[in-house]
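The values are calculated or read from the model by the stated rules, or taken from the named source; none is laboratory data. Since the structure is predicted, the reported quantities are computational estimates derived from the model, not experimental observations. All Cβ positions, glycine included, derive from the backbone under ideal geometry; neighbour counts span all protein chains shown.
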Amino acid sequence: MKNLWKWTGVCGMVLVMVALTTGITAAQEGKTFEGHLIRVDANAHVITLKEGDKEMQFTYGEQTELVAPQKDNQDVAVKQGSRLKISYVENAGQNVATKIEIIEV
């Protein structure tokens, strides 16, 4: 009987931890920034956007999702001045892009 209570307590703790972690992740995924492409540093994996007076930098990597429009079944090339929307999370003082959407080339 003691083992049953012990396992019930452990399972309850695991469920609480999963619920808290899921809530934190969901809260972080809600940030977006939309602006014009200023520059891309491919070596450092940093992209910079500007909207009005606000300029923001984002790191990106292989796990970053890229959503690009197509023309004649080919991805559209991005150039300086293209309008992008970036979904990101803040991690260790950096803005880490989770998704980059090309809105206007």
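Scanning the range 92-105 for residues that are at pLDDT below 90 and part of a strand (DSSP E or B) turns up just one, Glu104. Scan the range 29-38 and tell me whether some residue there is modelled with pLDDT under 75 and not polar (S, T, N, Q). The answer is yes, given that some residue of the range 29-38 is modelled with pLDDT under 75 and not polar (S, T, N, Q). Taking each residue of the range 55-67 that is over 13 Å from Val40 (Cα atoms) and looking for partners that are surrounded by 15 or more Cβ atoms within 10 Å (Cβ to Cβ) and charged (D, E, K, R) with beta-carbon atoms closer than 6 Å, six or more apart or interchain, yields Glu65/Lys99; Val67/Glu101. For the range 76-97, the set of residues classified as surrounded by 10 or more Cβ atoms within 10 Å (Cβ to Cβ), among the polar types (S, T, N, Q) and within 16 Å of Ile38 (Cβ to Cβ) consists of Ser82, Asn95, listed by residue number. Would you call Val89 of a type in the set (A, V, I, L, M) and farther than 15 Å from Lys31 by Cα? It is false that Val89 is of a type in the set (A, V, I, L, M) and farther than 15 Å from Lys31 by Cα. Considering only the range 62-84, I want to know if a residue exists there that is modelled with pLDDT under 95, under 17 Å from the mean Cα position of the chain (by Cα), charged (D, E, K, R) and outside any strand (DSSP E or B). Yes; the residues of the range 62-84 include at least one that is modelled with pLDDT under 95, under 17 Å from the mean Cα position of the chain (by Cα), charged (D, E, K, R) and outside any strand (DSSP E or B). Summed over the range 42-61, the residues that are among the aliphatic types (A, V, I, L, M) and not in a strand (DSSP E or B) give a count of 2.
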